[in-house]
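In what follows, a single structure is set out as structure tokens and then discussed.
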Amino acid sequence: MTKKLHPQTLAIRGGKEETQYREHNQALFMTSSFMWESAAHAADLFSKKVKGFTYTRTANPTTAAFEKRLAQLEGAERAVATSSGMSAIQAAFFTFLQAGDHVVSGRGLFGTTAGFIDTVVRKFGIEVSYVSTTDIGEWQAAIRPNTKLFFLETPSNPLGEVADLRALADLAHRHGALLAVDNSLMSPYGQRPLEQGADISVQSATKALDGHGRVAGGVLAGSEALMAQVAVYCNSCGLAISPFNSWELLSGIETLSLRMEKQFAQALAVAQWLQTQPQVKAVYYSGLPEHPQRELVERQQNGGGIVIGFELEDQAAAWKVIDRVEVFSRTANLGDVRSTITHPWTTTHARMSPEDKLAAGITQGLVRLSVGLEAVEDLIDDLKQALA
């Protein structure tokens with residue numbers, strides 16, 4: 001078929017690895033290794049003269065289907081799957097960086113990502129400068145002769161700060177650096193960073209791609225040239241995703257567009273209701289009409305996402321709300337069909353110093369929601385009684 005297929009069709013039909021049995025659903029290949037016809041065939045497989053599979057740490061048909069489908073959804077030449085979102089971020093850094101290199105990173109990061117950069121990346125002699133996610137002038141000023149990578153989340157977790165990806169891509173490329181974007185909060189349904197000039201789109205597949213809180217996974221997408229290097233790194237370091245998790249994620253992707261459309265709409269309704277509550281000092285959600293980067297959101301995002309941050313008076317007030325909810329799940333995962341609630345200061349961003357948390361806009365009164373697929377009136381009623 002010569003027609004370019006819609007992403008919703010690709011989410012269901014894209015990237016299938018089919019056997020001679022012509023199974024309708026993607027087959028699950030639970031095997032650690034694959035056999036070859038002869039010694040010569042083995043030599044051809046390992047030298048890449050012929051395509052095929054040798055060992056699941058290197059490649060597996062179920063995982064290959066997941067990777068192909070994600071590449072199609074991201075508009076990428078290739079994708080590489082990993083065991084988790086953090087292993088995908090690790091690959092984005094260590095595939096392309098070495099001691100003496102410099103990274104410019106947005107300050108608005110998931111706490112574990114910031115912890116990884118500060119305690120692991122720096123340990124290997126890689127320099128890092130943190131800047132405002134939204135201020136292009138700070139990115140420009142932070143560039144050094146040894147800058148090799150720009151890295152950020154947009155929208156940021158959980159404050160919904162939105163960066164101008166096209167401007168950052170142009171700036172990075174003028175200085176010989178790559179732009180890597182964590183797309184976990186939006187998924188390919190909500191945002192395609194590569195279309196905005198990014199070199200690498202990285203995300204935790206554990207989040208919206210799965211959508212049901214079942215399995216962990218990560219994925220990077222980009223050009224064949226870049227992803228070939230990522231694949232070598234992941235193979236050498238043993239970052240492979242399990243075939244079972246790839247199989248589960250393929251199932252999740254099939255309903256991605258339907259889930260995200262509904263969850264984005266429900267998140268907007270919850271965010272707008274929170275704005276009317278006297279106990280709430282501020283609401284952070286990139287889908288709000290009042291968002292300071294509204295024009296940018298409309299240009300590069302398909303909606304506001306599923307994560308909301310809202311500010312209460314202090315930690316005691318935040319904990320009371322979290323302890324009183326009856327529908328929301330008290331857990332740190334996001335992107336689930338089940339709505340979740342957490343206190344970033346003491347959970348997702350706990351590894352950061354108090355000073356770094358405040359610099360990133362994470363306060364003790366901040367509460368983070370991930371809005372799922374329950375009836376939105378039940379979610380609002382739950383928050384209403386918790387806030388009372």
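The values are calculated or read from the model by the stated rules, or taken from the named source; none is laboratory data. Because the structure is a prediction, the values reported are computed rather than measured. Every residue, glycine among them, receives a Cβ derived from its backbone with ideal geometry; neighbour counts consider all protein chains shown. For the accessible areas, the whole protein counts, side chains as well, though only heavy atoms, and no ligand, DNA or RNA atoms are used. Shrake-Rupley method; radii C 1.70, N 1.55, O 1.52, S 1.80 Å.
Here are some notes:
- Considering segment 192-222, the residues that are farther than 16 Å from A71 by Cβ and either of a type in the set (S, T, N, Q) or not in a loop (DSSP other than H, G, I, E, B) (or both) include one that is nearest to the chain's Cα centre (by Cα), namely S204.
- So G111, is it among the small types (G, A, S), open to solvent by less than 40 Å² (accessible area, probe 1.4 Å) and at pLDDT below 90: yes
- Which listed residue, of A88, A172, is surrounded by 20 or more Cβ atoms within 10 Å (Cβ to Cβ), small (G, A, S) and within 19 Å of the chain's Cα centre (by Cα): A88
- Residues in segment 314-356 that are in a helix (DSSP H, G or I) and among the β-branched types (V, I, T) were compared, and the one that is surrounded by the fewest Cβ atoms within 10 Å (Cβ to Cβ) is T346.
- Residue check, A167 open to solvent by less than 10 Å² (accessible area, probe 1.4 Å), assigned to a helix (DSSP H, G or I) and more than 28 Å from L249 (Cα to Cα): no
- Being over 15 Å from R368 (Cβ atoms), in contact (Cβ under 8 Å) with a residue 12 or more places away in the chain and over 16 Å from the mean Cα position of the chain (by Cα) holds for only one residue in Q272, Q315, and it is Q272.
- Beta carbons closer than 7 Å, at least 6 apart along the sequence or on distinct chains, pair a first residue in segment 358-372 that is closer than 20 Å to V325 by Cβ with a second that is surrounded by 24 or more Cβ atoms within 10 Å (Cβ to Cβ) and of a type in the set (D, E) for S370/D336; G372/D336.
- Residues of segment 224-243 satisfying the condition of being open to solvent by 40 Å² or more (accessible area, probe 1.4 Å), more than 16 Å from R78 (Cα to Cα) and assigned to a helix (DSSP H, G or I): S236, C237
- Filter result for D314 (over 30 Å from P188 (Cβ atoms) and among the charged types (D, E, K, R)): yes
- Residues of segment 257-292 satisfying the condition of being open to solvent by 20 Å² or more (accessible area, probe 1.4 Å), in contact with a strand residue (DSSP E or B) (Cβ under 8 Å, 6 or more places away or on another chain) and aromatic (F, W, Y): Y284
- Screening segment 132-156 for residues that are farther than 14 Å from A114 by Cα and aliphatic (A, V, I, L, M) and picking the one that is least open to solvent (accessible area, probe 1.4 Å) gives L149.
- Boolean, M186 is open to solvent by less than 20 Å² (accessible area, probe 1.4 Å), in contact (Cβ under 8 Å) with a residue 40 or more places away in the chain and more than 24 Å from S370 (Cα to Cα): no
- Restricting attention to segment 293-308 and to residues that are of a type outside the set (A, V, I, L, M) and in contact (Cβ under 8 Å) with a residue 40 or more places away in the chain, the residue that is surrounded by the most Cβ atoms within 10 Å (Cβ to Cβ) turns out to be G305.
- Tally, over segment 346-377, of residues that are over 17 Å from N333 (Cβ atoms) and of a type in the set (A, V, I, L, M, F, W, C): 8
- Restricting segment 39-72 to residues that are of a type in the set (S, T, N, Q) and open to solvent by 50 Å² or more (accessible area, probe 1.4 Å), the residue that is modelled with the lowest pLDDT: S47
- Residue count for segment 358-379 satisfying the condition of being touching a Leu at 6+ places or on another chain (Cβ under 6 Å) and not in a strand (DSSP E or B): 2.
- The residues listed here are A65, A79, A27; of these, the one that is touching a strand residue (DSSP E or B) at 6+ places or on another chain (Cβ under 7 Å) and within 30 Å of G190 (Cβ to Cβ) is A79.
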